[in-house]
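Q: Just passing along the structure, written as structure tokens.
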Amino acid sequence: MTLRIIGAAAFAAVAWLAVSLPAAQAAPCLIVTLTGTQSGPPAVNGLAGAGTLVRYGDDLNGCGAMKLLFDAGRGTNMRLSQIGVSPGQLDAVFFTHMHSDHTEGFADIMMLRWTYNSKGPKLDVVCSADAATPMGFTISCRKFAQHIGDPFLESGEIAQRNSEDKARVLGGPAELINLITFEPTNEPQVVWTSGDVKVSAIRSSHIVGHASYRVDTPAGSVVIGGDAGNDIPAPPRSSSTSEEVEKLAQGADVIVHSTMHPVMGPDRDSGMPPLVFYRQSSATDLGAMAKRVGAKYLMLTHLGPPMGALKQGPYKIPGGPLTEADYRKAVEASGFTGTTIVGTDLASLRLPPK
Ligand SMILES: [Zn+2]
């Protein structure tokens, strides 16, 4: 009788393990990785251009069932290769704005996807709808995407490689894009969903058509501010940060944001045009915003100037090259007590932490 009870208990225990262990192992998780941290057009010391990869899944798939890329600056594909992510694995690419330091790596990604993944599926590309300006030009992510393969069509490469493998679509990589555009608004709007993952966007100031994003998953939430700054282009104003991004970031776990160090300001002698300085969010103001919205993590990226750089493009760095401590100090001045990550290429953050 005793034995039978033990036997039944043991069976129950095994059954419990069989049911509950996979569930425990399959806890949802999220990894945020900076695929590039360079600020603006300069090429400095091998840094890749701006980009953030958000991977989501569970413990069983290394938090990697879904892969969303936000911006694709110079060298993004190289950084992705270092973490074992190939273009064919991306589920969607989102663009904050049409500046080359956020876009010029996309042709590289699409050509590689075209070469080996022409049979599909198409890649969702999410960005702002065409925005005409009073100056007479139009910012068009739509055209950017439509023409992403043009140099390779014009050179004859697309036709040549198609002759070697008919699976490669003759129209080139643009044919593999499923373009999703939206009108940026002052309130968050959902622009992309898949399963239990939702991506929202909000209009933000930097250049026309700029948008900031938020990813919500059961493992946590991440805001990608891009190069957002305050709607008021110069002081006096309450902050250099965007009020729209702050709205989007309420209650978010992680804020990933471009930043400018205060040392580049017009009160010093960097020579940087005030417009260029003021349209970025200062590290101190980002810390203050992160504190106000209750974020646990602030990931600084697109550091102007890059750590260790002798110059920011043609502009001087008053006091000499900046260090991680300089950026950290600028954030600490805000009173933010969460975790600050001063971005380097491939800096990563996992939620929940291991
Ligand atoms: Zn930028």
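The values are calculated or read from the model by the stated rules, or taken from the named source; none is laboratory data. Keep in mind that what you see is a predicted model, and the values were worked out from it rather than measured. Here the Cβ is made from the backbone with ideal geometry for all residues, glycine too, and neighbour counts use every protein chain on show. The protein model used for the area step is the full one, side chains on, heavy atoms only, and it has no ligands, DNA or RNA in it. Shrake-Rupley method; radii C 1.70, N 1.55, O 1.52, S 1.80 Å.
Q: Ignoring ligands, DNA and RNA, please state the percent of accessible area on region 262-354 from carbon and sulfur, probe 1.4 Å. Mind dumping the intermediate values first?
A: Numbers: 2350 of 4140 Å².
Exposed carbon and sulfur together represent 57 percent of the surface.
Q: On to the next question. Rank-order 204-215, 26-37 by packing density, defined as the average count of other C-beta atoms within 10 Å over each peptide's residues, highest first.
A: Taking the mean over residues of other Cβ atoms within 10 Å, the ranking is 204-215, 26-37.
Q: Wrap a convex hull around the Cα atoms of region 167-280, take a quarter of its surface area, and give that in square nanometres. Don't skip to the answer; put the middle values down first.
A: Numbers: hull surface 41.5 nm².
Taking the Cα atoms of region 167-280, their convex hull projects to 10.4 nm² on average.
Q: Follow-up question, since we're still on this one. Using a Cα-Cα cut-off of under 21 Å, which lysines could be cross-linked to LYS67, ignoring same-chain neighbours fewer than 8 residues away?
A: LYS119, LYS122, LYS198, LYS354
Q: Related question: Can you give me the pair-distance distribution of region 231-272, C-alpha pairs, 5 Å bins, whole percents?
A: The percentages, shortest bin first, are 5, 17, 21, 24, 16, 10, 5, 1.
Q: Tell me, what ³J(HN,Hα) does each residue in region 40-50 have, in order and in whole Hz, if you take phi through Karplus 6.51 cos²θ - 1.76 cosθ + 1.60 with θ = phi - 60° and put x for Gly and Pro?
A: Per residue, the Karplus-derived 3J(HN,Hα) values read x, x, x, 9, 10, 6, x, 5, 7, x, 4 Hz.
Q: May I pose another question? At q = 0.14, 0.18 Å⁻¹, work out log10 I(q)/I(0) for region 211-354 with the Debye formula, treating every Cα as an identical point scatterer and leaving solvent out; two decimals please.
A: Evaluating at q = 0.14, 0.18 Å⁻¹ gives log10 I(q)/I(0) of -0.61, -1.00.
Q: In addition: Highest mean first, how do 269-282, 341-354 rank when packing is the count of other Cβ atoms within 10 Å averaged over residues? Spell out each step's value before the answer.
A: Numbers: 269-282: 18.5, 341-354: 16.7.
The densest-packed peptide leads the list: 269-282, 341-354.
Q: Work out the P(r) tail for the chain: percent of alpha carbon pairs separated by more than 37 Å, whole number.
A: 23 percent
Q: Can you pull the three principal axis extents for the Cα set of region 83-152, in Å, largest first?
A: Principal-axis extents of the Cα atoms in region 83-152, largest first: 43, 24, 21 Å.
Q: So between ALA65 and SER155, what do we pick up on full extension, going 0.36 nm a residue minus the alpha carbon distance? Could you put the intermediate results ahead of the total?
A: Values: separation 90, 0.36 × 90 = 32.40 nm, distance 3.61 nm.
Full extension from ALA65 to SER155 adds 28.8 nm.
Q: A further question on this structure: Farthest toward the dipole's positive end in region 237-354, which of PRO306, THR259, ILE341, given Cβ charges of +1 (Lys, Arg) and -1 (Asp, Glu) about the Cα centre?
A: ILE341
Q: Which lysines, on any chain, are close to LYS329 with Cα under 17 Å apart, when same-chain ones fewer than 8 places away are left out?
A: LYS291
Q: So, in Å, what gap is there between the alpha-carbon centers of region 78-148 and region 245-288?
A: Centre-to-centre (Cα) distance: 25 Å.
Q: If I take every Cα pair under 8 Å that is 6 or more residues apart in the chain, average their sequence separation and divide by the length, what percent do I get for the relative contact order?
A: Normalised by residue count, the contact order of the chain is 16 percent.
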